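Report on the structure given below.
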Amino acid sequence: MSTIEVNNLSKQYGDVQALDDVSFTIDDGEFVVLLGESGAGKSTLLRCLNGITEPTSGSVIIDGEEVDGPRDDVAMIFQQHYILEEMTAYSNALTGSLGRTGFFQSLLGRYPEEDKHEALRALETVGLLDEANQRTSSMSGGQQQRVGIARALVQQPNLLLADEPVASLDPASAEVVMRYIREAAAARNLSTIASLHQVNIAREFGERFLGMKDGKLVFDGDRDEFTVDTIDEIYGDIETDSIREEQRMEVEP
Ligand SMILES: Nc1ncnc2c1ncn2[C@@H]1O[C@H](COP(=O)(O)OP(=O)(O)O)[C@@H](O)[C@H]1O
Ligand SMILES: [Mg+2]
C-alpha cells in the first residue's frame with residue numbers, strides 16, 4: 001500500500017524535454033495504465049518514480065517521503081525479463097529478497113525461511129508453483145516474464161512499476177501476463193503503474209489511465225472517460241482508425 005505524489009516533475013536530456021511539468025497523485029491500491037507513443041516519456045517517468053533517474057526539477061513523494069534514490073519498497077518489471085536463465089524459477093524469484101538478505105548471504109544460499117516461503121508464495125501467485133524447479137531457460141517468454149513478476153513480488157514492494165511488461169510477447173501470452181500482474185496487485189493491494197503501448201490491452205486491464213505526449217501528461221481519467229477521442233489525443237489518428245473499425249464491427253451485426 002502506498003500513496004504516490006508526483007509534483008511538477010520535469011526531466012531534460014540536452015535539448016529533449018523527456019518530462020514536462022507532470023503532476024498527479026495515486027492512491028493506495030490503484031491500478032494505473034500509462035499510455036503514450038514511443039518517446040512520450042513513459043520510461044523516464046517510471047525511472048523517476050523508481051529513483052533510478054533524478055528529475056531536473058519537481059519531486060516524487062511516496063508515503064510522505066521524497067524519492068532520492070532506488071528504494072526497496074518499489075519494484076520494477078521490465079520488457080526484457082533480466083532473469084538468470086541458468087537458474088530455476090524458484091532461485092530467480094528468491095533473488096527478489098536480495099535487498100533484505102544481502103548479496104553474500106545469497107551467494108552462500110543462505111536465505112531466511114521467510115524469504116523461501118515468499119518465493120513459493122509468489123510463484124503460486126503467478127501460476128508457476130509446479131514449475132518452481134524448472135530452469136527458466138526452458139520456459140516460454142510469457143512464463144519467464146511471470147518469473148520476473150514473482151521476483152518483484154518477493155521484494156515485498158508497496159509500489160509495483162511495470163515498463164512495457166508485455167511488449168515482447170504474442171497477444172495471447174500478453175493477456176495472460178497482464179492478468180497475473182493485475183491479480184497479484186489486487187491480492188496484495190499494491191499500487192501499480194504499468195506502461196503499455198497496446199491500446200486494446202490497456203482498455204481491457206486499466207482502471208485509471210494516464211496518457212503522455214511529448215513529456216506532458218495529456219490525459220488522466222477512468223475507464224468511462226477513456227474514449228476513442230482520448231486515444232486520438234494521445235496517439236494521433238493511426239491507432240484509433242483500427243479501434244473505430246473494431247467498434248463499428250461490434251455495433252453492426
Ligand atoms: N538517457 C537518456 N539520454 C538522452 N535522452 C533520453 C534518455 N532517456 C530518454 N531520453 C529521451 O527522452 C524522451 C522520452 O524517452 P522515454 O522516457 O524512453 O519514452 P518512452 O518510454 O515513452 O518511449 C525521448 O525523446 C528519448 O529519446
Ligand atoms: Mg519506454
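The values are calculated or read from the model by the stated rules, or taken from the named source; none is laboratory data. Keep in mind it's a predicted model, so treat the numbers as computed, not measured. Cβ: placed from backbone, ideal geometry, glycine included. Neighbour counts: every protein chain shown.
Yes or no, residue by residue, for (1) part of a strand (DSSP E or B); (2) touching an Asp or Glu at 6+ places or on another chain (Cβ under 8 Å); (3) aromatic (Phe, Trp, Tyr):
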{"residue": "Pro55", "(1), (2), (3)": "no, no, no"}
{"residue": "Gly58", "(1), (2), (3)": "yes, yes, no"}
{"residue": "Gly69", "(1), (2), (3)": "no, no, no"}
{"residue": "Asn92", "(1), (2), (3)": "no, no, no"}
{"residue": "Ser97", "(1), (2), (3)": "no, yes, no"}
{"residue": "Asp115", "(1), (2), (3)": "no, no, no"}
{"residue": "Ala119", "(1), (2), (3)": "no, no, no"}
{"residue": "Ala122", "(1), (2), (3)": "no, no, no"}
{"residue": "Asp130", "(1), (2), (3)": "no, no, no"}
Query raised in the report: Of these, Ile26, Ile52, which one is away from ligand 2 (no atom under 16 Å from the Cβ) and either assigned by TED's automatic domain parsing to the domain that holds Phe205 or surrounded by fewer than 16 Cβ atoms within 10 Å (Cβ to Cβ) (or both)?
Result: Ile26
Query raised in the report: Could you say whether any residue in the range 229-240 is outside any helix (DSSP H, G or I), over 21 Å from Phe78 (Cβ atoms) and at pLDDT 95 or above?
Result: no
